[in-house]
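Trainee: I'd like to ask some things about the structure below.
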Amino acid sequence: MNKLLPTSTAGSLPKPLWLAEPEKIWSPWRLEGEELIEGKQDALRVWLQEQQHAGIDIVSDGEQTRQHFVTTFIEHLDGVDFEKRKTVKIRDRYDASVPTVVGAVSRQKPVFVEDAKFLRQQTKQPIKWALPGPMTMIDTLYDAHYKSREELAWEFAVILNQEAKELEAAGVDIIQFDEPSFNVFFDEVNDWGIAALERAMEGLKCETAVHICYGYGIKANTDWKKTLGSEWRQYEEVFPKLQKSNIDIISLECQNSHVPIDLLELIRGKKIMLGAIDVATNIIETPEEVAATLRRALQFVDADKLYPSTNCGMAPLSRAVARGKLNALSAGAEILRRELSA
Ligand SMILES: [Zn+2]
């Protein structure tokens, strides 16, 4: 990026109410067949335009073509039975009914490549595309086949790499892997989680990012956050190894968060997509509040490596709130750009 402090979002944006029931995750589609395909593309166009109006520099599809950031990808794979469901504890935090791995997993055809080509046709701006990370995928399934979290993660990494290479060929500039699980299973992250992620990125020439957050603003997550005390030091467990990894960009949650900002020192040298927008509240940040978060981060991140972003996806918010937050992000980054060039 030539521009200083290029803005982007972590991932999802709210669905228009004609496409899916708003302000919830896993919301069922309101259209079907050809109408659904057209509806998803129209929603993608709407959010591309919203991002452009707000002055967002690195744009995305706002995940308008997927129901959920993990499940939709898995639905397209062989080896997973969505009829056979088990209740498991996701991220060691809340019970969810999940599908079962019943055989060898594989990807018969591309999942998001056509959607990425469609977005690429609509804009010349840099585009970012999100995929689930291998560890977060295995954590959203019951495995009756491999019976090894590491082995299944490795299989998913190979599949993700196939998808990522095709997304790159479709013109995606940054491929982001969402790994909220990295904030929970520290031993596994260090033993094989980061290695599996690097396998998913193998051979890519475009930029790569990993998004590690404290989750959507849903009750299970806000309740969990209350148990974490006054200082959230989860990132400290995985940053040293991430700093040595091949990953170009690390996407983090920092707005209204109890993450001590000096933990960023542990990943110095990496590009940081810094969450300066809280997705767990309807209160829209002022540009000054956004600028203050970015300013604090600049003690530990070189200005040319700081990418202002949101804490997480905004799918559960209303469109008006999400729009307001995009505008605040953009205006907050502009305050700091002016300071830096003065
Ligand atoms: Zn997130």
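The values are calculated or read from the model by the stated rules, or taken from the named source; none is laboratory data. In this text, all values refer to a predicted model and were calculated from it rather than measured experimentally. We place every Cβ from the backbone using ideal geometry, glycine too, and count neighbours over all the protein chains shown. SASA here: full protein model, heavy atoms, side chains in, ligands and nucleic acids out. Shrake-Rupley method; radii C 1.70, N 1.55, O 1.52, S 1.80 Å.
Trainee: Taking region 93-118, which residues are at pLDDT 95 or above and either part of a helix (DSSP H, G or I) or among the aliphatic types (A, V, I, L, M) (or both)?
Mentor: Within region 93-118, Val101, Val102, Ala104, Val105, Val111, Val113, Glu114, Asp115, Ala116, Lys117, Phe118 qualify.
Trainee: Shifting gears a bit: Exactly one condition in (1) in a loop (DSSP other than H, G, I, E, B); (2) within 16 Å of the ligand (Cβ to nearest atom) is false for Gly269; which is it?
Mentor: (2)
Trainee: Now for a different question. Looking at Ala303, Ala320, Ala297, can you tell me which residue is away from the ligand (no atom under 16 Å from the Cβ) and open to solvent by less than 10 Å² (accessible area, probe 1.4 Å)? Please lay out each step first, then the result.
Mentor: Values: Ala303 fails: open to solvent by less than 10 Å² (accessible area, probe 1.4 Å); Ala320 fails: open to solvent by less than 10 Å² (accessible area, probe 1.4 Å).
The conditions single out Ala297.
Trainee: When you look at Leu263, is it more than 16 Å from the ligand (Cβ to nearest atom), in a helix (DSSP H, G or I), farther than 20 Å from Thr7 by Cβ and in contact (Cβ under 8 Å) with a residue 12 or more places away in the chain, yes or no? Please lay out each step first, then the result.
Mentor: On the way: more than 16 Å from the ligand (Cβ to nearest atom): yes; in a helix (DSSP H, G or I): yes; farther than 20 Å from Thr7 by Cβ: yes; in contact (Cβ under 8 Å) with a residue 12 or more places away in the chain: yes.
Yes: the conditions hold for Leu263.
Trainee: Further question: Output the residues belonging to region 2-55 that are in contact (Cβ under 8 Å) with a residue 40 or more places away in the chain, of a type in the set (D, E, K, R) and open to solvent by 50 Å² or more (accessible area, probe 1.4 Å).
Mentor: Within region 2-55, Lys3, Glu23, Lys24, Arg45 qualify.
Trainee: On to the next question. Scanning for something closer than 27 Å to Ala43 by Cβ and either within 16 Å of the ligand (Cβ to nearest atom) or not in a loop (DSSP other than H, G, I, E, B) (or both), does region 149-160 turn up at least one residue? I'd like the intermediate steps shown before the answer.
Mentor: Our first condition is that a residue be closer than 27 Å to Ala43 by Cβ; within region 149-160, this holds for 159-160.
So of that shortlist, the ones also either within 16 Å of the ligand (Cβ to nearest atom) or not in a loop (DSSP other than H, G, I, E, B) (or both) come out as 159-160.
For region 149-160, residues closer than 27 Å to Ala43 by Cβ and either within 16 Å of the ligand (Cβ to nearest atom) or not in a loop (DSSP other than H, G, I, E, B) (or both): present.
Trainee: Restricting attention to region 86-124, which residues are open to solvent by 50 Å² or more (accessible area, probe 1.4 Å) and over 17 Å from Lys165 (Cβ atoms)? I'd like the intermediate steps shown before the answer.
Mentor: Filtering region 86-124 down to residues open to solvent by 50 Å² or more (accessible area, probe 1.4 Å) leaves 86-87, 89, 92, 95, 97, 102, 104, 108-110, 114, 117, 120-122, 124.
Result: Lys86, Thr87, Lys89, Asp92, Asp95, Ser97, Val102, Ala104, Gln121, Gln122, Lys124.
Trainee: When the residues of region 200-235 are narrowed to those that are over 15 Å from Leu252 (Cα atoms) and touching a Phe, Trp or Tyr at 6+ places or on another chain (Cβ under 7 Å), which ends up farthest from the ligand (Cβ to nearest atom)?
Mentor: Among residues in region 200-235 that are over 15 Å from Leu252 (Cα atoms) and touching a Phe, Trp or Tyr at 6+ places or on another chain (Cβ under 7 Å), the one farthest from the ligand (Cβ to nearest atom) is Ala200.
Trainee: Here are some conditions: (1) touching a Ser or Thr at 6+ places or on another chain (Cβ under 6 Å); (2) more than 30 Å from Asp304 (Cα to Cα). Gly55 meets all but one. Which one does it not meet?
Mentor: The single condition Gly55 does not satisfy is (2).
Trainee: Sticking with this structure for a sec: Test Thr123 against the criterion of being closer than 22 Å to Ser251 by Cα and touching a residue at least 60 places away in the same chain (Cβ under 8 Å), and give yes or no.
Mentor: The answer is no for Thr123.
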